[in-house]
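Some notes on the structure that comes next.
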Amino acid sequence: MSIILKPMVTEKMTHLTEKLNRVGFIVDKKANKVEIKKAIEDFYNVKVADVNTISYAGKTKSRYTKAGFVKGRTDAFKKAIVTLAEGENIDFYSNI
């Protein structure tokens, strides 16, 4: 089971990384904070100070088309905001 699905690379998360040394990840919905901390420490070889998690429910979306109203739902996901220890950092752009 892969706990870390993908990192969040947005303007807001980049700002948090620069100011507060925090990094965001989309993680498995069933993972807890201890599992997330261990997975990030093992994968990126950094020391994690704190983990905060947020669960998002999927939103209902609808739009009008030629065939009538089309209804759907976006996916639910879990986000983890990880605070790294002092002096640690993760560079997502090193392999580009």
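Scan segment 5-96 for GluC sites (Glu not before Pro) in coil per DSSP, keeping those whose Cβ has at most 11 other Cβ atoms within 10 Å, and list them by number.
Answer in residue order: E86.
In this structure the chain gives 75 Å² per residue of accessible area when probed at 1.4 Å with all protein chains present. A straight Cα-to-Cα reach below 13 Å connects K38 with the aspartates and glutamates D50, residues fewer than 8 places away in its own chain not being considered. Computed about its Cα centre, the charge dipole of segment 1-88 is approximately 820 debye, with only Lys, Arg, Asp and Glu carrying charge at their Cβ.
How much of the accessible area of the chain, in percent, comes from carbon and sulfur atoms when a 1.4 Å probe is used? The value for the chain is 52 percent carbon and sulfur by accessible area. In the chain, helices alone account for a calculated mean residue ellipticity at 222 nm of -7000 deg cm²/dmol, with every DSSP H run of four or more residues adding -39,500 (n - 2.57).
Rounded to the nearest whole Hz, the Karplus-based 3J(HN,Hα) values (6.51 cos²θ - 1.76 cosθ + 1.60, θ = phi - 60°) of segment 20-33 follow the sequence 10, 6, 10, 10, x, 9, 8, 10, 4, 5, 8, 6, 9, 5, with x at glycine and proline. Taking trypsin sites (Lys or Arg not before Pro) in DSSP loop states with no more than 14 other Cβ atoms inside 10 Å as exposed sites, the chain has its longest site-free stretch at 67-96. For T60, the shell of other residues with beta-carbons less than 13 Å away shows a net charge of +4, using +1 for Lys and Arg and -1 for Asp and Glu.
All other residues whose Cβ lies under 12 angstrom from that of I36 are scored, Lys and Arg at +1 and Asp and Glu at -1, for a net of +2.
Placing unit charges on each Cβ (+1 for Lys and Arg, -1 for Asp and Glu) gives the chain a dipole about its Cα centre, and among L84, A49, V27 the Cα reaching farthest toward its positive end belongs to V27.
Pairs from the list K12/K47; K33/K71; K12/K37; K29/K66 with a Cα-Cα gap above 30 Å: K33/K71; K29/K66.
The values are calculated or read from the model by the stated rules, or taken from the named source; none is laboratory data. Only a predicted model underlies this, so the values are computations on that prediction, with no experimental measurement involved. When we count neighbours, we look across all protein chains shown, and the Cβ atoms used for this are built from the backbone with ideal geometry, even at glycine. Remember, those area values only see protein heavy atoms, side chains included, never the ligands or the DNA or RNA. Shrake-Rupley method; radii C 1.70, N 1.55, O 1.52, S 1.80 Å.
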